[in-house]
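Here is the structure we will look at, set down as structure tokens.
Read the figures in this text as sums done on the coordinates, not as results from a lab. As the structure is a prediction and not an experimental result, all values here were calculated from the model. Quick reminder, even Gly has a Cβ in these numbers, built from the backbone with ideal geometry, and neighbours come from all protein chains shown.
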Amino acid sequence: MREKIIESLKSKLNRRVWESWFGTFDIKEIDTDHVVFQVGNLFIRDWLEKKYGSLISKTLREVFGKHVSFQIDYAPTQSQEESKQDEPLVKKRPLVLTPLNPILTFENFVVGPNNMFAYSTSLEVAKNPGKYNPLFLYGGVGLGKTHLVQAIGHYLFKNEPDLRVIYLTSERFLNELVDSIKKNKVQEFRERFRNKIDILLLDDVQFLIGKSGIQTELFHTFNELYNSGKQIVVCSDRDPQQLEKFQDRLISRFQMGVVAKIEKPDEETCFKIANKMVQLEGTQLKEDVLRLVANHFSDNLRRLRGALIKLIMYQQISNEIVDVQKATELLSVASLQAKKTLPEEKLIDALCKIFGVTQQEVLGKGRKQTVTNARQIGMFIAKNHFGLSLRQVAELFNRSHPTVSHTIQKVEELVVSGNIAVKNQIDQVIKYLTDKVSNQSV
Ligand code: ADP
Ligand code: MG
């Protein structure tokens with residue numbers, strides 16, 4: 001039965017797909033109506049479930065002649081890097097609560113001006129735990145926080161196997177506490193987090209916003225660890241000050257050590273990151289394709305990776321090299337471009353150039369004539385030419401909804417009444433934007 005299932009699956013897939021994704025795929029258990037598969041990597045598991053779930057279902061139905069459910073388990077194997085090393089067996093394995101993603105190491109992290117500080121402090125923390133305590137890493141979604149904090153975990157895992165390292169998300173921290181309360185085991189929970197670890201890597205702490213009970217628990221855990229010189233690393237999508245409704249005492253704890261921000265990568269860094277991601281998938285994409293994708297997804301590297309994987313999959317399944325045109329089509333970059341090039345940077349940039357004002361002025365409250373003019377024209381264009389909603393325009397220009405609505409209406413009236421000056425200004429801004437867009441790599 002086992003062979004039959006595997007063979008049948010294999011026959012439905014292109015050889016390269018099989019090799020890339022099913023390399024560690026195996027069957028752990030077969031029941032009359034349930035099959036448990038196993039893979040060696042958490043991320044492959046997620047990918048298989050998402051992309052090949054229905055194919056696996058279909059195959060099982062064929063082989064068994066009826067519906068058979070399945071699950072894919074993840075059995076961590078030692079990462080290749082570690083198995084190469086001859087580590088003394090007597091050394092204890094550090095405790096890693098959540099399995100770390102083997103890819104998220106310092107070696108695989110591309111350093112650029114946007115993340116230099118966060119990277120160096122993380123590395124320093126990994127080399128000298130306790131030195132910068134706590135380390136608070138923050139930055140927008142998908143900019144590499146989890147990567148860095150897990151890299152610290154990997155580094156310690158490899159170099160300081162005696163240290164007890166715990167990586168976990170704040171959600172998990174909360175769930176474990178809730179669980180322990182249900183089972184009447186809060187004492188054990190406390191014991192474990194306060195006394196049985198040397199390094200706490202706590203991800204996504206913004207998850208605890210508004211959850212005051214768990215904040216109190218974290219506060220005491222924090223103090224206990226801190227006072228015994230144990231390293232704490234906290235990640236968040238915003239800076240400590242902006243953790244609304246967080247207990248002040250916790251916020252001030254977060255600020256006691258080093259606070260490091262990760263910014264959006266610039267074009268070149270993003271290209272290097274894209275390159276690295278493709279290389280880690282063991283394959284290649286054309287350079288102009290990489291540049292195109294990197295430029296469009298620089299504000300969220302998780303989406304960047306998703307886009308690259310999509311192209312890689314296409315390339316593997318179709319056996320055809322993806323070029324810029326194909327990539328544009330597959331990722332509908334054209335529509336992305338329309339959205340992305342507009343609001344924030346490009347439109348404001350155009351206004352500054354055409355009206356000779358600064359970004360601060362346009363987005364500020366000043367009432368100087370040229371500035372007001374630039375702002376009004378900008379709102380009009382954002383709404384009428386780029387299709388932003390009034391709410392989006394209001395956000396972009398930092399104004400109230402009624403103000404924006406009123407302003408745009410005024411400009412519309414001027415245009416309709418044939419006001420040449422206003423019309424010229426609008427045309428100039430649009431021309432500037434279109435020239436800019438057509439000069440870009442797409
Ligand atoms: P965050 O936790 O900030 O939301 P992640 O750490 O999950 O973001 O990063 C999103 C994706 O981008 C991951 O696949 C990660 O490996 C990758 N990534 C982010 N920054 C870098 C970098 N500097 N070099 C290489 N890969 C990166
Ligand atoms: Mg994260």
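Evaluating 6.51 cos²θ - 1.76 cosθ + 1.60 at θ = phi - 60° for every residue in the range 51-58, the Karplus couplings come out as 8, 10, x, 6, 5, 5, 4, 4 Hz, glycine and proline recorded as x. Relative protection proxy for 205-214, 297-306, 137-146, from highest mean packing down: 137-146, 297-306, 205-214 (other beta-carbon atoms within 10 angstrom). Cross-linked pairs K196/K230; K4/K28; K182/K245: Cα-Cα separations exceed 21 Å for K182/K245.
Let a ≥ b ≥ c be the square roots of the eigenvalues of the Cα gyration tensor of the range 267-340; is it rounded (a/c under 1.5), or, if not, prolate (a/b larger than b/c) or oblate? In terms of gyration-tensor shape, oblate.
I need the shape label for the chain. Rule: rounded when a/c is under 1.5, else prolate if a/b > b/c, else oblate, with a, b, c from the alpha carbon gyration tensor. Walk me through the intermediate numbers first.
Numbers: a/c = 2.17, a/b = 1.37, b/c = 1.58.
Cα axes put the chain in the oblate bin.
Across the options Y314, M116, L363, the greatest Cα extent toward the positive end of the charge dipole of the chain (unit charges at beta carbon of Lys, Arg, Asp, Glu) belongs to L363.
Just tell me the longest site-free run in the chain, where the sites are GluC sites (Glu not before Pro) in a DSSP loop having at most 13 other beta-carbon atoms within 10 Å. Before the final figure, lay out the partial values.
Details: sites that count: E107, E244, E320.
Longest gap between qualifying sites, sites excluded: 108-243.
Once you order the gyration tensor axes a ≥ b ≥ c over the Cα atoms, which shape class does the range 343-441 get: rounded for a/c under 1.5, otherwise prolate or oblate by comparing a/b with b/c? Here the range 343-441 falls in the rounded category.
Counting only DSSP beta bridges whose two residues both lie in the chain, roughly 15 percent are antiparallel.
Remark: for residue pairs K383/K423; K286/K431; K276/K346; K127/K276; K12/K50; K353/K423, the C-alpha separation exceeds 21 Å in K286/K431; K276/K346; K127/K276. Compute the helix-to-body angle for 301-318: its Cα long axis versus the longest principal axis of the chain, expressed 0 to 90° and rounded to tens. Result, in degrees: 70. Site pair K127 and S8 shows an inter-label distance of 5.6 nm when each label is modelled 7 Å from Cα along Cα→Cβ.
What ranking of H154, H406 emerges when the number of other C-beta atoms within 10 Å of each C-beta is taken as an exposure proxy, fewest first? Present the calculation step by step, with values, prior to reporting the outcome.
Details: H154 25, H406 12.
Ascending number of Cβ neighbours within 10 Å: H406, H154.
By how many degrees, between 0 and 90 and to the nearest 10, does the Cα long axis of helix 212-227 differ from the longest principal axis of the chain? Long axis of 212-227 versus the principal axis of the chain: about 70 degrees.
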